[in-house]
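Before any comments, here is the structure.
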Amino acid sequence: MRLTVFWERMAEHFGAGHAENFARDHVMSELGGRTVQEALAAGWDAKSVWQVVCAVMDVPAERR
């Protein structure tokens, strides 16, 4: 998954402004105690991060 697709999906689910806040502020144990931005910066691939976000935030199957 390309980062552009990842951010599009984040914006679709959370809203454009909230997606950035969520990615910056929400720490998830499933990402090793990192935020989305920290996980991506640490080398996690976008698809894996999106799968974690989907599981943690109950993203509907049609948006996954």
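Results for (1) modelled with pLDDT of 95 or more; (2) touching a Ser or Thr at 6+ places or on another chain (Cβ under 7 Å); (3) aliphatic (A, V, I, L, M), shown as yes or no for each residue.
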{"position": "Thr4", "(1), (2), (3)": "yes, no, no"}
{"position": "Gly17", "(1), (2), (3)": "no, no, no"}
{"position": "Val27", "(1), (2), (3)": "yes, yes, yes"}
{"position": "Leu31", "(1), (2), (3)": "yes, no, yes"}
{"position": "Ala39", "(1), (2), (3)": "yes, no, yes"}
{"position": "Arg63", "(1), (2), (3)": "no, no, no"}
- Residue list for the range 46-64, filter: among the β-branched types (Val, Ile, Thr) and either within 13 Å of Met1 (Cβ to Cβ) or surrounded by 15 or more Cβ atoms within 10 Å (Cβ to Cβ) (or both): Val49, Val52, Val53, Val59
- From Glu20, Glu8, Glu38, Glu12, residue being open to solvent by 40 Å² or more (accessible area, probe 1.4 Å), touching a helix residue (DSSP H, G or I) at 6+ places or on another chain (Cβ under 7 Å) and of a type in the set (Asp, Glu): Glu12
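The values are calculated or read from the model by the stated rules, or taken from the named source; none is laboratory data. Note that this is a predicted model, so its numbers are computed, not measured. FYI the Cβ positions are ideal-geometry reconstructions off the backbone, even for glycines, and counts take in every protein chain you see. Surface accessibility is based on the protein's heavy atoms, side chains included, excluding ligands, DNA and RNA. Shrake-Rupley method; radii C 1.70, N 1.55, O 1.52, S 1.80 Å.
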